Structures are given as structure tokens and as C-alpha cells.
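Derivation of every value follows stated rules applied to the coordinates shown; laboratory data play no part. Nothing here was measured: the structure is a model prediction, and the numbers come from that model. Ideal geometry is used to build each Cβ from the backbone, glycine not excepted, and the neighbour counts take in all protein chains shown.
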Amino acid sequence: MTSGTRALAGDQPPTLTEWADQQLRQSILQGDHRPGDTLVISTLAEQLGLSATPLREALRKLASEGLVVLQSHGSARVAEVDLHEANEIYELRLILEPTALERAVAAGDAGYRERVTAAWNALDAERIAPASVHAAFHRELLSACDSAWLLRLATMLSDRAGLMVTVGLPDRPAGYNTAAAHRTLADLALAGDATGAAQELRRHLSTTRAALHMVLTGPARSEAD
């Protein structure tokens with residue numbers, strides 16, 4: 001596993017629990033651990049070189065955000081994706097995330113624009129960006145939001161949706177380009193157009209929600225369920 005991309009407050013070195021959270025979150029979002037996979041504490045401890053305590057704490061945090069489901073004996077399994085939850089997640093994202101983005105763009109300073117630009121450059125480096133890079137771009141877009149609770153909830157929903165997209169849309173159309181799908185969103189945010197960025201995010205989320213709905217209700221999915 002590579003080092004996590006989540007920024008920590010004040011750029012302080014992460015605690016062991018925060019570092020474990022970063023590693024596990026990234027491995028789930030980029031598909032190293034698939035929905036339904038069991039995460040065994042002893043195996044994770046050996047892989048990451050950690051004791052069981054920070055791993056248990058990290059798993060509890062991930063469980064509170066819906067990315068894993070805790071099981072007996074301290075293990076967990078990666079949460080699975082279903083149509084009902086996907087609809088709920090995207091309904092909430094459409095309510096909260098555009099508002100968080102509008103406030104972030106309105107409050108954003110030069111540091112915010114630098115972070116968004118760096119995240120955009122990482123997204124633009126490959127035709128199909130890794131899920132962790134995609135998630136980092138969305139987090140940086142919201143990072144200047146002046147409401148701690150709104151930012152926390154919007155980020156949690158975005159990460160859960162990231163798992164859904166990784167699982168539900170693993171094979172993009174031949175002409176799909178991650179950066180192209182986000183270019184207008186990045187341009188509006190960097191230009192300081194808070195209203196336009198919020199409107200574009202609503203369009204972007206609605207498009208992704210429709211694509212997920214088609215996959216989760218398609219014949220192949222029905223036969224597998």
C-alpha cells in the first residue's frame with residue numbers, strides 16, 4: 001500500500017491510528033479490498049507493521065463512515081453496494097456537497113487554489129485516474145468549506161460513493177477520461193465561480209448516479225443477486 005493522501009490538520013505527523021485509517025481507506029477506495037472481503041486484524045498488522053490497537057480504532061472509524069462493517073473478534077468486512085443505499089448516498093450528496101463546494105470556493109484563498117490545482121494535475125496524469133486520486137480531488141474541492149460539520153458529512157458521503165463507483169463502474173467506456181469529466185468543475189472552482197461550480201457538481205453527481213443506477217439494476221446484476 002502506498003502512503004495516504006488525506007491531509008492532516010496543521011500538517012502534523014499522523015498518529016498510528018490516523019496512518020492506519022489512511023492506508024485502509026485508500027486500499028478500499030482503489031479496490032485492493034473488494035466489497036464483502038474480510039479484513040483480519042492479524043493479517044493487516046503484519047502487512048502494515050502495526051499493533052492491533054490502532055488498526056481496531058481505524059476500523060471503528062471506517063465503520064462509522066459506512067466503508068466497513070465490524071464483525072466478531074475485531075475483524076471487519078468491506079461494505080457491499082446496493083441500489084437502495086446508492087440512491088440514499090447520492091440524494092444526500094446532491095443536497096450537501098454542492099453547498100459545501102459553493103462555500104469552499106467563496107472562502108477559498110491562494111492556498112486553496114494551489115491544493116485544487118495539485119489535485120487536478122494528479123487527476124489529469126492518467127486517462128483513468130486511480131480511485132484514491134479521484135477521491136483526493138473531490139476532497140480538495142471541498143477543503144475550504146467554512147462549516148466543519150458540513151465538510152465532515154460531505155467528505156464521508158463522497159468517500160462512501162467512491163467505493164460504490166469503484167465497484168459499480170469498474171469498466172469505463174472506451175472514450176472515458178477522468179480528467180475530462182471533471183475539467184469544467186475544476187475550471188469553475190479555480191476561477192472563483194462558486195455558483196457555477198455548485199451547479200456543475202450537481203450535474204456531475206446526477207450523471208454518476210444515473211450510471212450507477214443502470215449498472216445496479218441491469219440484467220447482469222439481477223442474475224448475480
* In whole Å, what is the distance between the alpha-carbon centres of the range 183-217 and the range 26-82? -> 30
* **Lys, Arg +1 and Asp, Glu -1 on Cβ, resulting dipole of the range 44-176 about Cα centre, debye, nearest 20** => 220
* Asked: So how much slack lies between His73 and Ser206, counting 0.36 nm per residue of separation and subtracting their Cα-Cα distance, in nm?
  -> 43.9 nm
* With charges only on Cβ, +1 for K and R and -1 for D and E, what is the dipole size of the range 9-78 about its Cα centre, in debye, rounded to 20? -> 240
* Can you list the residues, at least 5 places off or on another chain, whose amide H is less than 5 Å from the amide H of Leu39, using H built in the peptide plane? -> Ala76, Arg77, Val78
* Structure fact -> A chain fully extended from Arg113 to Ala191 at 0.36 nm per residue, minus the present Cα-Cα distance, gains in nm 27.2 nm
* Structure fact -> Output for the range 96-154 (equivalent-ellipsoid semi-axes, sqrt of 5λ from the C-alpha gyration tensor, Å, descending) is 21, 13, 7
* Could you calculate the contour length gain from Arg34 to Gln199, that is, 0.36 nm times the residue separation minus the distance between their Cα atoms, to one decimal place in nm? => 56.2 nm
* **Largest to smallest principal axis extent of the C-alpha atoms in the chain, angstrom** => 50, 49, 31
* **Cα centre as origin, Lys/Arg/Asp/Glu Cβ charges: the chain dipole, Debye** => 40
